[in-house]
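For reference, the structure discussed in these notes is given below.
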Amino acid sequence: MGQSSGPQERLSRAELGRLGEDEAARYLQLQGLTVIERNWRCREGEIDIVALDDVGDCLIVVEVKTRTSNAFGTPMEAVTPVKARRLRVLAARWLQDHPIGPARVRIDVIGVLRPVRGPLQLEHLQDVGA
């Protein structure tokens, strides 16, 4: 998934996050997943994307991290083991509110790098909360 290689406009932090989540959702749909919710919030935090696999038996909770450079680490490095455990808690809470009964739950992370110059880069790690 790429964009033009020319200079790109500066985005606010919120706009950058939205762009990353939009790209991640589009990517997941191209992979055959169904995005069923975005930016779900509860007292314990927020889930960026909730999706189901093509069979509907696996719920995928996706954390999206978007950066403009790797100067302070890659987007993937921003998801620590503590954050992965918190995503598990959020997934359980989501299922309490949405009793759809998938056979399993998977925690994924999508890192989006949108450099000032060059194409957008996307990295997808599956099952980080295992």
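The values are calculated or read from the model by the stated rules, or taken from the named source; none is laboratory data. Owing to the predicted nature of the structure, the values given are computational and were not obtained by experimental measurement. Glycine gets a Cβ as well: all are built from the backbone with ideal geometry, and neighbour counts include every protein chain shown.
Looking only at residues of segment 4-32 that are surrounded by 14 or more Cβ atoms within 10 Å (Cβ to Cβ) and part of a loop (DSSP other than H, G, I, E, B), we find that the one that is modelled with the highest pLDDT is Leu11. Within segment 64-122, restricting attention to residues that are of a type in the set (Gly, Ala, Ser) and either in contact with a strand residue (DSSP E or B) (Cβ under 7 Å, 6 or more places away or on another chain) or assigned to a helix (DSSP H, G or I) (or both), which residue is nearest to Val35 (Cα to Cα)? Once the filter is applied, the top-ranked residue is Ala91.
Quick test for you: out of Glu21, Glu15, pick the one residue that is over 14 Å from the mean Cα position of the chain (by Cα) and under 23 Å from Leu120 (Cβ atoms).
On the way: Glu21 fails: over 14 Å from the mean Cα position of the chain (by Cα).
Among Glu21, Glu15, only Glu15 is over 14 Å from the mean Cα position of the chain (by Cα) and under 23 Å from Leu120 (Cβ atoms).
Considering Val128, Val50, Val61, Val35, the condition of being surrounded by 13 or more Cβ atoms within 10 Å (Cβ to Cβ) and in a loop (DSSP other than H, G, I, E, B) is satisfied by Val128 alone. Pairs are defined by a Cβ separation below 8 Å, a sequence spacing of at least 6 or placement on different chains, a first member in segment 21-43 that is more than 20 Å from Ile100 (Cβ to Cβ), and a second member that is at pLDDT 95 or above and among the acidic types (Asp, Glu); the pairs so defined are Glu21/Asp48; Ala24/Asp48.
The set of residues from segment 38-47 being crowded, with 17+ Cβ neighbours inside 10 Å and at pLDDT below 95 is empty.
Contact annotation: residue pairs with Cβ atoms under 7 Å, 6 or more positions apart or on different chains, pairing a residue in segment 94-110 that is within 16 Å of Asp48 (Cα to Cα) and in contact (Cβ under 8 Å) with a residue 12 or more places away in the chain with a partner that is buried (at least 18 other Cβ atoms within 10 Å of the Cβ) and small (Gly, Ala, Ser), are Val105/Ala91; Ile107/Ala91; Ile107/Gly129; Ile110/Ala24. Within segment 87-104, the set of residues being surrounded by fewer than 17 Cβ atoms within 10 Å (Cβ to Cβ) and at pLDDT 90 or above comprises Arg88, Val89, Ala92, Arg93, Leu95, Gln96, Asp97, His98, Arg104.
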